[in-house]
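Note sheet for the following structure.
Just so it is clear, none of the values below were taken in a lab; they were calculated from the coordinates. On a predicted model such as this, the values are computed, not experimentally measured, just so you know. In this analysis, Cβ positions are derived from the backbone assuming ideal geometry, glycine residues included, and neighbour counts consider all displayed protein chains.
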Amino acid sequence: MFKITDDVTEEGYHLIDITEGKFAGIKFSFGKVEFKENNDDPVLSFQYDLHTGSLSLDSRDEFEDTLGSILHGLIIEQLENNEIIYGGGADAD
């Protein structure tokens with residue numbers, strides 16, 4: 001469905017190439033990723049930048065759902081491999 005490329009942004013984020021489906025050929029990078037609370041439920045929030053390809057307004061929600069699925073998979077994989085990196089914020093406990 002996607003592959004992480006060797007290309008990086010000025011901020012050091014790797015570009016991700018969507019290789020299958022409706023958004024195949026689009027390259028993007030994630031920016032800031034946060035977990036927020038909404039009525040005590042965690043909500044994943046993220047920023048992204050498109051590097052190749054374009055989106056119509058009609059497909060933006062579906063595209064962002066696709067990115068959310070990709071991000072979820074990356075987080076789970078990194079947790080399982082003890083590779084997740086946390087940056088910023090403070091642990092109040």
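Within the shell defined by Cβ-Cβ distances under 12 Å, the residues around LYS3 carry a net charge of -3, with Lys and Arg each +1 and Asp and Glu each -1. Describe numerically, in nm with one decimal, the distance between label points set 7 Å from Cα along Cα→Cβ at ASN82 and at GLU10. So the two model labels end up 3.7 nm from each other. Against the chain, whose longest principal axis comes from its Cα atoms, helix 60-80 is set at around 50 degrees. Amide H contacts under 5 Å for ASP7: LEU15, restricted to partners 5 or more places along the chain or on a different chain, H placed in the peptide plane at 1.01 Å from N.
What's the local net charge at LYS32, with K and R +1, D and E -1, over the other residues with C-beta under 13 Å away? My count for the surroundings of LYS32 gives -2.
For the chain, what is the calculated [θ] at 222 nm in deg cm²/dmol (nearest 500), taking -39500 (n - 2.57) for each run of four or more DSSP H residues and dividing by its residue count?
Values: 1 runs with 21 residues, N = 93.
So the calculated ellipticity at 222 nm is -8000 deg cm²/dmol.
For the chain, the average shadow cast by the Cα convex hull is 7.7 nm², which is a quarter of the hull's surface. Along the chain, counting only chymotrypsin sites (Phe, Trp or Tyr not before Pro) with a DSSP assignment other than H, G, I, E or B and at most 16 other Cβ atoms inside a 10 Å radius, the longest segment between sites is 14-85.
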